[in-house]
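The values are calculated or read from the model by the stated rules, or taken from the named source; none is laboratory data. Owing to the predicted nature of the structure, the values given are computational and were not obtained by experimental measurement. When we count neighbours, we look across all protein chains shown, and the Cβ atoms used for this are built from the backbone with ideal geometry, even at glycine.
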């Protein structure tokens, strides 16, 4: 199955590459199946089996996700955007846009609001894999540890008081109407100005989404020995004044000091487990050190940010305070 995950991920990556480059000629099931050396029937069947959705639906909705951000952020004519993304006419694009987002492109340009975009699939995402382990082949020791002062910002998020870990978080959220993984990630992807979005307005360019743990007296006792609430969201500028979807919360995070435990790009299949173990060792070593700082696990609403992006980094950003 992992081999097929790799094959489907090749198609998914190629879809985004073609959409970004307005290359509609190669954005066909025939071309993409041929690229893998399989029949169209076999490819679509495996795509549905692994991703949980039809190939044609994923392709159409990814095109619309890219197109929506051009409608929002550019001055291009709507008809030019429609043709750029392979729609036969302005009218066909408007019908598809309104059917998915409930508003026409022209109305959305005038009054942008959070909508649910089709985010890019990662077939090796832990949400798809659940608790499946991918294995490891080498030790990892390339962990950077450094302090940072993070300016004041806002944090838009959902949270769960009972979950324990990424997989469990989304399992529990899926039981709440409108708070499943696909809906929340799609909403967050449509919001402009995310501080961690690598590429700004490009559709799903880093997405800017992250898991975080909030110090919370009402939270769950975690493995690190303090009370926390798990959350998932985006960081925004402190002056953000856009709409907050009804499913989400937003909080002000003041300027403060943090310590970062970071590893660079990594092979998701082969290195994840060992990187996690090594970072845990580094955090334990810091906790028992004689540094002038210690983890701040008691101040309410301080946040641990967790970044897990194999193409960029794996890192924890943990709040600290000076020892008394």
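For residues in the range 209-223 being without any contact (Cβ under 8 Å) to a residue 60 or more places away in the chain and closer than 23 Å to residue 181 by Cα, which is surrounded by the most Cβ atoms within 10 Å (Cβ to Cβ)? Out of the qualifying residues, it is 209.
Within the range 273-282, one or more residues are in contact with a strand residue (DSSP E or B) (Cβ under 7 Å, 6 or more places away or on another chain) and closer than 27 Å to residue 151 by Cβ. The set of residues in the range 159-172 that are out of contact with any strand residue (DSSP E or B) (no Cβ under 6 Å at 6 or more places or on another chain) and under 28 Å from residue 241 (Cα atoms) contains only 170. Within the range 257-272, none of the residues are without any contact (Cβ under 8 Å) to a residue 12 or more places away in the chain and more than 20 Å from residue 72 (Cα to Cα). Of all residues in the range 311-324, those being more than 27 Å from the chain's Cα centre (by Cα) and either closer than 19 Å to residue 253 by Cα or not in a loop (DSSP other than H, G, I, E, B) (or both) number 2.
Exactly one residue among 310, 265, 254 is in contact with a helix residue (DSSP H, G or I) (Cβ under 6 Å, 6 or more places away or on another chain) and over 19 Å from residue 224 (Cβ atoms), and that residue is 310. Checking residue 169 against (1) in the same structural domain as residue 269 (by TED's automatic domain parsing); (2) surrounded by 18 or more Cβ atoms within 10 Å (Cβ to Cβ); (3) at pLDDT below 90, which test does it fail? The number of the failed condition is (3).
Within the range 75-92, restricting attention to residues that are within 20 Å of residue 189 (Cβ to Cβ) and in contact with a helix residue (DSSP H, G or I) (Cβ under 7 Å, 6 or more places away or on another chain), which residue is modelled with the lowest pLDDT?
85
In this structure, is residue 269 assigned by TED's automatic domain parsing to the domain that holds residue 183 and in contact with a strand residue (DSSP E or B) (Cβ under 9 Å, 6 or more places away or on another chain)? Spelling it out, it is not the case that residue 269 is assigned by TED's automatic domain parsing to the domain that holds residue 183 and in contact with a strand residue (DSSP E or B) (Cβ under 9 Å, 6 or more places away or on another chain). Of the set (1) free of Cβ contacts under 8 Å to residues at least 60 places away in the same chain; (2) assigned to a loop (DSSP other than H, G, I, E, B); (3) surrounded by 19 or more Cβ atoms within 10 Å (Cβ to Cβ), all apply to residue 112 but (1).
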